[in-house]
Amino acid sequence: MRRMLLLILVLTGFAMTVFAQADPQVQTEDKEQQQSYLYQWTDDKGIVHITDSLGMVPKQYRDKAIKLKQPKKENIDQGHQVQQESTYPSGAESDAADAVVKREWQERLREAKQRLDAAEKRYQGLDQRRNELLRSWGGPAYGRLVESTEVEKIEQEIKDVQREIDEARNDLDVVIPEEARKKGIPPGWLRE
């Protein structure tokens, strides 16, 4: 009977040791299962996507995907937000990278403004020339025919230049600001 009791105590001690060693592994696995991640990436069209599986991120975007910590359910209930593990440089590197990107966006705006100014000047010159031709009508009928043909050419050029003006204004007022917004560019960068 003593042997039996001793054997039971030894086996119980052994079992407790095994369970005690296994328990931290189980706890670690539970923590890993509780801690899940989201993956965020932006496609070529500027659309931001989020998924809970890296396998769902298209291969061409995986190296640019940002790993986000997904909060545990109890943290969501307490109002905690998702914490983002940043892949962007910090400090001086970040400032230098920001300065380069800011210059690129400002240069893009500057080019659109120059296109607009040049088109508006061409428009004014063509309009002035057309008005001069229209005022000079009063000569023989042949002169009117030649001037009329030239006025028609100028009016067609004016229409073309007006399209250029409209495109440049659209770039300045809509296209560039919208693309910048989609890429997360601060609005202040678009002001000179």
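Coordinate-derived values only; no laboratory data. The shown structure was predicted, so the numbers you read here are calculated from the model rather than taken from an experiment. Neighbour counts run over all protein chains shown; Cβ positions are idealised from the backbone, glycine included.
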For segment 92-190, Kirkwood radius (reciprocal of mean inverse C-alpha pair distance, Å) | 16.3 Å
Tell me the label-point distance for the pair R122, K102, using the 7 Å Cα-to-Cβ offset, in nm and rounded to one decimal.
-> 3.4 nm
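Could you sort out which of K64/K183; K45/K159; K102/K159; K113/K153 sit more than 25 Å apart by Cα distance in this structure? Walk me through the numbers before you get to the answer.
Numbers: K64/K183 13 Å; K45/K159 31 Å; K102/K159 34 Å; K113/K153 27 Å.
Violating the 25 Å limit, Cα to Cα: K45/K159; K102/K159; K113/K153.
So if each residue of separation counts as 0.36 nm, and I subtract the Cα-Cα distance between D44 and M1, what length gain in nm does that give?
That pair, D44 and M1, stretches by 7.7 nm at full extension.
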Between V10 and E167, the two model label points (7 Å from Cα along the beta-carbon direction) sit apart by a distance in nm of 9.2 nm
